[in-house]
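Worksheet: one structure, shown below.
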Amino acid sequence: MDVTIPESLSEALKEELFGEETPLAEIERRLDQYFAVEPGVTRASLMNLAIYTEDPETLPADDESLNQITHDHACRALLLGIVPHEENLSVRCWIKARCQLGPDGKGKLCSEQVTFLLGGDCQSCLTNLVFSHLRSDLPLVMWWRGELSNHFQESLYTMIDRLILDSSRWVDPAPQFAKIAQAVNARTGRLSDRRGQLLVHDLAYTRGHQHRRAVALLFDPPAAREYLPVIDRIEIVHAAGHRHTALYLGAWMTRQLGADLVSKHRGYFFYQRTGGAQLTLALVEIANPARSGFVTAIVLEGGGGRFEVGTLIDSPLLEIRSRFGAHQTASVLPGPSEGDEDLISEILMRGGSNSLLAQVIPRVTAML
Amino acid sequence: MDNPFRELLVSRSSPEPCSVVIFGATGDLTHRKLIPALYNLAKEGDLPPGSRVIGVARREKSNEEFRDELREMNRKVSRQGHDEALWDRFAATISYHKSEFRDPEGYRGLADLLDQQDATGPGKPNRLFYLASAPEFFDDILDQLRESGLNQSREGGWARVVVEKPFGTDLATAQRLNAVVNATIPEHETYRIDHYLGKETAQNIMVIRFANAIFEPLWNSRYIDHVQITCSETLGMEGGRGGYYDTAGALRDMVQNHLLQLLSLIAMEPPADLTADGIRDEKVKVIKSLRRYSDARAVSENVVRAQYKSGSILGQTVKGYLEEDRINPRSMTEPYVALRINIDNWRWEGVPFYMRMGKRLAKKVTEISFHFKEPPGVLFNRLPVTARKNVLVLRIQPDEGMSLRMLSKLPGPSIRMEPVKMDFQYSTSFGKPSPEAYERLLLDAMAGDATLFARRDEVEHAWRFIDDIENAWHKSSSPPPMAQYEAGTWGPEEADNLLSRDGRTWRRL
């Protein structure tokens, strides 16, 4: 069962980018063989990490993503490429080890990678492939590239412990968010070790992590917190293509301030706070921002106080400034990670339940 | 009102902006540890905005000179490297205040400086006084803080003090220091820093014990034969440290604080909750339960002290202790100590805890090993095999992690068994390097979380235990002898005998 290789991948295969081509049934044995003959090698694994794509042309880039992520997170990596429109059920696979010097400069520390290229209508075959090539007792993290297709079905997502996706790349987000909600509320798969709900990480939300930290820092001083009840205007300035991150930030801030959406109009969202006060959220998109970053400014105002998060010119740092009463402060903190791989690395490092995202998603869908 | 934006964003107490006032600002601790720790917190975005640092010391120095010195050292030692742009912003929050530690005028000037800074700061006038000076000045600094009124919290802010070890040199001096501290700052605002507790692996001890189901049921005298705590160093008295060390010795310098803290963490009962006092209540029960040595003979039977002779370490010939720089040639101070400790409580009845700490040993390592009892001598255990006991090791430094030794069948037609090891290493499992202990501890002090700091009663009970040994060594008519060992070895034969008398041996490291 041979899959038709897209022309764009032939060069990568010639250079053995994905390693040694291996018959499907031989994968585990050949990996064992490799590690058996290599002296001083540690076969390290903290998790199963799968990247799924229905655009096989991105596989070389996905391979590079795994290269970056496995540098910090030893894992059994699965690269799953689906060839669309293939008539016959077909599969090809490759194996390789990703090694780096151990922390003491001696020995090698290796992650292992299995790359699958699948063709045909292979819904159940995909699930079975994932099932049969997981390292046992370790969590399954899946980075789903692109839209959630009909391959995203219950038998698969109930196996996943952590699902990573990027809503900013979706053409039509509303039905995608509905699929996510369905997956989150599905009962745990019978073979899964996870307790509770599927953990979802949206990179569009994760990109705003440092901005959320910055906003939280602004209101750590007790005197600043006295202005929270009178905040009546929030403005978020974002670069083109990053509306989702801005939506998430707006949804998060208004939720934490206890404000409910009443109406919306052309980038303006009108909220009513507990107690009846009004709050306006404005999202301003700039095509070519003078400053770097996908969200270049956040301003919260009210009661004469002004609290700002901004990016510095030619610097990756975020700057926070506040002015309230007789107080003025300015400080910097690390800027957000830009690359998807860095964001995923942060997600894997932080772990946790990420439960706030699940509470924010309904607010974002209401803003769409 | 709580900060709603903190909800679910972090799972720890929030540090509050404050002025960190460091006494002893020109010293090594400030340059090598405290300022790089604060810089790294700023780099991570964990330092609360509006925080400031004031260095206090006796030398004449401008703000710029002080910052330049700190910058040079930060370039060399910062865990996360040195970013010039970030340093400039961080350094702008640092100022220098010249004052003698006994000079009331200097403290008035300090109070004025703090008041000026607080007037433009973002919030409450929070002040964290860090005693990083030589310990002989602690009393003076605390007295002057009280006399100048700087110890008083103002306008809803707080005033806290961080005290570096040594917390006294015996029980009497510790009690006196504690009395002075508590007369100045209340106990709940006092943070006695023990940097061992800020290490990731030390914090992990409680997680290993209480977040896993498989360890705690075995964590008692029914299954554990004995426990070993080892802290070995290859260093001797380089860099002029002999002057201080010869007045302290291994027992007071390391055992009284770091090692007894580790002991209390591994031996304590599960706390009722994870509050600072919930944990410290249980730790202090362990220290109170240490069986005290009744006389010099008991000390002689359970404690070995030793000095190293010349030898070689990593191919380098090194001097003996008595020939070291700033060491009294007739010194009776011990750079090595080994103890057999018993904990008289229900859980640990009959389980000896062997502890050893020494300079100029074969390698640098700090670890705790739990040696389990042998399984019943039937079935496989009738067969001859070495290393039959399971051993669980918690490695504190370096190579932080843990391992479990167990027996496994050798491949082949016959039943032959060999010990195998399951190993977990922080460095290979988690991509992110552990923060420095001082980073965590400074942040905790700013957040008012005293969990990883020693409480007054812990310190005083530890000194009670230590004083019995010191008195037997230095005040009894028949003091136990001072053993000797060759530098670069694993310590004196007498320390090996301490275990061999019980049918045990030190773990080979």
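The values are calculated or read from the model by the stated rules, or taken from the named source; none is laboratory data. Please read these numbers as outputs of a predicted model, since none were measured by experiment. Every residue, glycine among them, receives a Cβ derived from its backbone with ideal geometry; neighbour counts consider all protein chains shown.
Apart from one condition, B:Tyr107 fits all of (1) farther than 28 Å from B:Ala437 by Cα; (2) at pLDDT below 90; the exception is (2).
Considering (1) in contact (Cβ under 8 Å) with a residue 40 or more places away in the chain; (2) small (Gly, Ala, Ser); (3) within 11 Å of chain B (Cβ to nearest Cβ), the lone condition that A:Ala326 does not fulfil carries the number (1). Looking at the structure I just gave you, is B:Ile54 away from chain A (no Cβ under 14 Å) and within 24 Å of the chain's Cα centre (by Cα)? Criteria not met by B:Ile54. Within the option set A:Glu57, A:Glu26, being in contact (Cβ under 8 Å) with a residue 24 or more places away in the chain, more than 24 Å from A:Arg162 (Cα to Cα) and assigned to a helix (DSSP H, G or I) holds for one residue only, A:Glu57. Based on this model, can you work out whether B:Pro480 counts as part of a loop (DSSP other than H, G, I, E, B), crowded, with 18+ Cβ neighbours inside 10 Å and within 24 Å of the chain's Cα centre (by Cα)? Against the criterion (part of a loop (DSSP other than H, G, I, E, B), crowded, with 18+ Cβ neighbours inside 10 Å and within 24 Å of the chain's Cα centre (by Cα)), B:Pro480 does not qualify. Among residues of region A:272-286 that are among the small types (Gly, Ala, Ser), those with a beta-carbon under 8 Å from a residue that is in a strand (DSSP E or B) at least six positions away or on a different chain give the pairs A:Ala282/A:Arg233; A:Ala282/A:Ile234; A:Ala282/A:Glu235; A:Ala282/A:Ile236; A:Ala282/A:Tyr268; A:Ala282/A:Phe269. Cβ-Cβ contacts under 6 Å between residues 6 or more apart (or on different chains), taken from a first residue in region B:58-87 that is modelled with pLDDT of 90 or more to a second residue that is in a helix (DSSP H, G or I) and hydroxyl-bearing (Ser, Thr, Tyr), are listed as B:Asn74/B:Tyr39. Of the set (1) exposed (fewer than 15 other Cβ atoms within 10 Å of the Cβ); (2) within 33 Å of the chain's Cα centre (by Cα), all apply to B:Ile368 but (1). State whether one or more residues within region A:147-166 are modelled with pLDDT under 90, within 18 Å of A:Ala358 (Cβ to Cβ) and basic (Lys, Arg). Among the residues of region A:147-166, not one is modelled with pLDDT under 90, within 18 Å of A:Ala358 (Cβ to Cβ) and basic (Lys, Arg), which makes the answer no.
Considering the conditions (1) within 14 Å of another protein chain (Cβ to nearest Cβ); (2) in a strand (DSSP E or B); (3) surrounded by fewer than 18 Cβ atoms within 10 Å (Cβ to Cβ), A:Pro229 is excluded by exactly one of them, (2). Taken over region A:342-359, the criterion of being within 28 Å of A:Asp172 (Cβ to Cβ), part of a helix (DSSP H, G or I) and in contact with a strand residue (DSSP E or B) (Cβ under 9 Å, 6 or more places away or on another chain) is satisfied by A:Leu343, A:Ile344, A:Ile347, A:Ser355, A:Leu357, A:Ala358. Taking (1) out of contact with any Asp or Glu (no Cβ under 8 Å at 6 or more places or on another chain); (2) at pLDDT below 95 in turn, B:Val286 satisfies each apart from (2).
Set side by side, the residues B:Ile287, B:Ile279, B:Ile266 differ, and just one is of a type outside the set (Phe, Trp, Tyr), in contact with a helix residue (DSSP H, G or I) (Cβ under 8 Å, 6 or more places away or on another chain) and crowded, with 23+ Cβ neighbours inside 10 Å, which is B:Ile287. When A:Ile5, A:Ile69 are checked against the criterion of being aliphatic (A, V, I, L, M) and either more than 27 Å from B:Phe424 (Cα to Cα) or surrounded by fewer than 18 Cβ atoms within 10 Å (Cβ to Cβ) (or both), a single residue qualifies: A:Ile5.
Here A:Asp314 fulfils each of the conditions (1) more than 28 Å from A:Val200 (Cα to Cα); (2) buried (at least 18 other Cβ atoms within 10 Å of the Cβ); (3) within 14 Å of another protein chain (Cβ to nearest Cβ) apart from (2).
In region B:73-93, the qualifying residues are those that are over 27 Å from the mean Cα position of the chain (by Cα) and part of a helix (DSSP H, G or I), and the one that is surrounded by the most Cβ atoms within 10 Å (Cβ to Cβ) is B:Phe90.
Across region B:181-217, the qualifying residues are those that are farther than 26 Å from B:Ala37 by Cβ and in contact with a Phe, Trp or Tyr (Cβ under 7 Å, 6 or more places away or on another chain), and the one among them that is surrounded by the most Cβ atoms within 10 Å (Cβ to Cβ) is B:Arg209.
Considering region A:131-172 alone, what residues qualify as being in a strand (DSSP E or B) and in contact (Cβ under 8 Å) with a residue 60 or more places away in the chain? Across region A:131-172, the qualifying residues are A:Leu140, A:Val141, A:Met142, A:Trp143, A:Trp144, A:Arg162, A:Ile164.
Among the residues examined, A:Gly250 does not qualify as free of Cβ contacts under 8 Å to residues at least 40 places away in the same chain, more than 10 Å from chain B (Cβ to nearest Cβ), surrounded by 17 or more Cβ atoms within 10 Å (Cβ to Cβ) and not hydroxyl-bearing (Ser, Thr, Tyr). Counting only strands (runs of 3 or more DSSP E) that sit wholly inside region B:140-236, those with at least 2 residues that are over 30 Å from B:Glu486 (Cα atoms) and touching a Ser or Thr at 6+ places or on another chain (Cβ under 6 Å) are B:159-163.
Counting only residues that are in contact with a Pro (Cβ under 8 Å, 6 or more places away or on another chain) and either outside any helix (DSSP H, G or I) or surrounded by fewer than 19 Cβ atoms within 10 Å (Cβ to Cβ) (or both), region B:20-46 holds 3 of them. Within region A:253-274, being of a type outside the set (A, V, I, L, M, F, W, C) and away from chain B (no Cβ under 14 Å) holds for A:Asp260, A:Ser263, A:Lys264, A:His265, A:Arg266, A:Gly267, A:Tyr268, A:Tyr271, A:Gln272. For region A:330-353, filtering for residues that are surrounded by 20 or more Cβ atoms within 10 Å (Cβ to Cβ) and free of Cβ contacts under 8 Å to residues at least 60 places away in the same chain leaves 1. Does A:Leu49 fit the bill of being modelled with pLDDT of 85 or more, within 14 Å of chain B (Cβ to nearest Cβ) and within 24 Å of A:Phe131 (Cβ to Cβ)? Spelling it out, A:Leu49 is indeed modelled with pLDDT of 85 or more, within 14 Å of chain B (Cβ to nearest Cβ) and within 24 Å of A:Phe131 (Cβ to Cβ).
Only residues that are surrounded by 18 or more Cβ atoms within 10 Å (Cβ to Cβ) and more than 10 Å from chain B (Cβ to nearest Cβ) were counted in region A:354-364, giving 4.
When region B:396-423 is filtered for residues that are within 14 Å of chain A (Cβ to nearest Cβ), assigned to a strand (DSSP E or B) and free of Cβ contacts under 8 Å to residues at least 24 places away in the same chain, the ones remaining, listed by number, are B:Ser403, B:Lys421, B:Met422, B:Asp423. On the basis of being touching a residue at least 60 places away in the same chain (Cβ under 8 Å) and out of contact with any strand residue (DSSP E or B) (no Cβ under 7 Å at 6 or more places or on another chain), does A:Asp62 make the cut? No; evaluated as a whole, the condition is false for this residue.
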